[in-house]
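For reference, the structure is listed below as structure tokens.
The values are calculated or read from the model by the stated rules, or taken from the named source; none is laboratory data. What you see is a predicted model, and the numbers here were worked out from it, not measured in a lab. Here the Cβ positions follow ideal geometry from the backbone for every residue, glycine too, while neighbour counts run over all protein chains shown.
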Amino acid sequence: MNSLKTALLLGALTGLLMLIGGMFGGQQGVLIAFILAMVLNFGSYWFSDKIVLSMTHAQPVMESEAPELYGIVKNLALRAALPMPRVYVIPEDTPNAFATGRDEHHAVVAVTQGILRILNRDELEGVIAHELTHIKQRDILIGSIAATLAGAIVMLANMAQWAAMFGGGRSDDEEGGGSNIVGLILMAILAPLAATLIQMAISRSREYLADAGGAKISGKPYGLANALGKLSQASQAIPMATSPSTAHMYIVNPLTGRSLMNLFSTHPPIEERIARLKSMRPL
């Protein structure tokens, strides 16, 4: 099922890229956008983890640098029957975490500096187990590809917006040129929205499944429930300085405090997630 979702996601975002290319340069623009999409599809499949880690400024850590974090990841990976993922720390005070990579043999678990400061061991184990569930269920490839391609679409849409502002697409025929400018403006608005909606469609249900799996791996559903409450409050108080194209990857929405972004949340309601976890018995 996830392989089908990956193919559909690549196809949908490729179509958006080609649509933007057509707005820029007609048939030639479509061809250029198609070539760009193929390059991005190849790159996002093989290098999406590196791209996402670079976008979030995450840094690798060794066991000697973060022994408690490394030990938690190692123990839970063994419990989940997974290879040991690489461990990264994001230089951000807002507490959050995500997993990335194309499969369980090329997986990464990344946490912010803030999460290490505010969570106790049971809560941190719940968060890490949640991310390991994403790895086990092969969610991470879909999320990483979505982040990479959606980031590219947002970038091209921003270019379209600037082109419209400075008269891009204007032809000798003023009426036609005006239509092109309107089209560019609409594309600048609709393309990021479409990319966000695609991300939202693939993200909401998998968060519930990852919560349940994380509770099973850690054996402490209340630990994860308490962690989600703390992370949600912190994100509302201090939204993370991250790109909307990567927001769907985090365990809680890092843009929660930004009211406009709430309209397109890639995560299910935090209250519902906590309620489901608290209804589970410790394992």
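Does the range 47-83 hold any residues that are closer than 20 Å to A12 by Cβ and hydrophobic (A, V, I, L, M, F, W, C), and which are they?
Result: I51, V52.
Among (1) surrounded by 23 or more Cβ atoms within 10 Å (Cβ to Cβ); (2) more than 15 Å from the chain's Cα centre (by Cα); (3) hydroxyl-bearing (S, T, Y), there is one condition S144 misses while meeting the rest; what is its number? Condition not satisfied by S144: (2).
Take N75 and decide whether it is surrounded by fewer than 23 Cβ atoms within 10 Å (Cβ to Cβ), more than 18 Å from the chain's Cα centre (by Cα) and within 23 Å of A234 (Cβ to Cβ). First the steps, then the outcome.
Values: surrounded by fewer than 23 Cβ atoms within 10 Å (Cβ to Cβ): yes; more than 18 Å from the chain's Cα centre (by Cα): yes; within 23 Å of A234 (Cβ to Cβ): no.
For N75, the condition - surrounded by fewer than 23 Cβ atoms within 10 Å (Cβ to Cβ), more than 18 Å from the chain's Cα centre (by Cα) and within 23 Å of A234 (Cβ to Cβ) - is not met.
Count of the range 252-281 residues, restricted to those that are at pLDDT 80 or above, of a type in the set (A, V, I, L, M) and buried (at least 18 other Cβ atoms within 10 Å of the Cβ), is 4. Of all the numbered requirements in (1) at pLDDT 95 or above; (2) out of contact with any strand residue (DSSP E or B) (no Cβ under 6 Å at 6 or more places or on another chain); (3) of a type in the set (A, V, I, L, M, F, W, C), A110 misses one, and that requirement is (2).
One residue alone among L13, L19, L69 is in contact with a Leu (Cβ under 7 Å, 6 or more places away or on another chain) and modelled with pLDDT of 75 or more, and that residue is L69.
Taking the range 217-235 only, how many residues are within 18 Å of G114 (Cα to Cα) and either of a type in the set (S, T, Y) or modelled with pLDDT under 85 (or both)?
Residues that pass the stated criteria total 2.
Would you confirm whether any residue within the range 23-38 is touching a strand residue (DSSP E or B) at 6+ places or on another chain (Cβ under 6 Å), modelled with pLDDT of 85 or more and surrounded by fewer than 23 Cβ atoms within 10 Å (Cβ to Cβ)?
Of the range 23-38, the ones touching a strand residue (DSSP E or B) at 6+ places or on another chain (Cβ under 6 Å) are none.
Scanning the range 23-38 turns up no residue that is touching a strand residue (DSSP E or B) at 6+ places or on another chain (Cβ under 6 Å), modelled with pLDDT of 85 or more and surrounded by fewer than 23 Cβ atoms within 10 Å (Cβ to Cβ).
Answer with yes or no whether A97 is over 15 Å from the mean Cα position of the chain (by Cα) and touching a residue at least 40 places away in the same chain (Cβ under 8 Å). Even if it seems obvious, please write down each step before you answer.
Numbers: over 15 Å from the mean Cα position of the chain (by Cα): no; touching a residue at least 40 places away in the same chain (Cβ under 8 Å): yes.
Taking the combined requirement at face value, the residue does not satisfy it.
The set of residues in the range 94-117 being of a type outside the set (A, V, I, L, M) and surrounded by 15 or more Cβ atoms within 10 Å (Cβ to Cβ) consists of T94, P95, N96, F98, T100, G101, R102, E104, H106, T112, G114.
In the condition set (1) at pLDDT below 85; (2) more than 28 Å from N75 (Cα to Cα); (3) of a type outside the set (A, V, I, L, M), T246 is compliant with all but (2).
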